[in-house]
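Colleague: Handing you this structure, nothing more for now.
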Amino acid sequence: MSTVSFSQTSDDAFTADVLESDVPVLVDFWAAWCGPCRAMHPILDQLATERDDLRVVGLDVEAHQAIAAKFSVLSMPTFMVFKNGEPVLTLIGSRPKRRLEQELAEVL
């Protein structure tokens, strides 16, 4: 189970939560067994509270496999940024907050 404060989505809610969002969305594809995923959660929590121009949502890939499969997510953590319903950035693996913010700045 996740101990994150940023919102979580599901296969059923993904379209409304992510694809139809009026702001860019950073999706964290994670799994409970993934150590690097757990290491990234505090960083994503910070981003979720600090940024008004970006929504952060998580998707547990074990509980919600259809969306993970649709976007060919095979490694965790995988981060995808969606803008206007389309993926515009895919990042694989954990990273420091500063690096993540620099990568996000390129597409936001």
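Read-outs throughout are calculated quantities, based only on the coordinates presented, and are distinct from any laboratory measurement. None of the values given here were measured: they were computed from a predicted structure. Positions of Cβ are generated from backbone atoms using ideal geometry, with glycine treated the same way; all protein chains shown enter the neighbour counts.
Colleague: Taking loop as defined by DSSP and a crowding limit of 13 other beta carbons within 10 Å, which chymotrypsin sites (Phe, Trp or Tyr not before Pro) in segment 1-62 fit? Please report the intermediate quantities before stating the final value.
Modeller: Numbers: sites: 6, 14, 29, 30, 33; in loops: 6, 33.
Passing both the DSSP loop test and the Cβ count: 33.
Colleague: Among DSSP bridges having both ends in segment 20-108, what percentage is antiparallel? Round to the nearest 5.
Modeller: Values: 11 of 17 bridges.
Looking only at bridges with both residues in segment 20-108, the antiparallel portion is about 65 percent.
Colleague: Name the residue farthest towards the positive end of the dipole of segment 1-90 from the options 33, 89, 44, assuming +1 on Cβ of Lys and Arg, -1 on Cβ of Asp and Glu, about the Cα centre.
Modeller: 33
Colleague: Now for a different question. Per the Kirkwood treatment, what hydrodynamic radius in Å, one decimal, follows for the chain from the mean inverse distance over all distinct Cα pairs?
Modeller: Evaluated over the chain, this radius sits at 13.6 Å.
Colleague: Listed highest first by mean packing, meaning other Cβ atoms within 10 Å per residue, what order do 83-89, 44-50 come in? Intermediate results must be reported in sequence, preceding the final value.
Modeller: Details: 83-89: 12.4, 44-50: 16.3.
The most tightly packed comes first, giving 44-50, 83-89.
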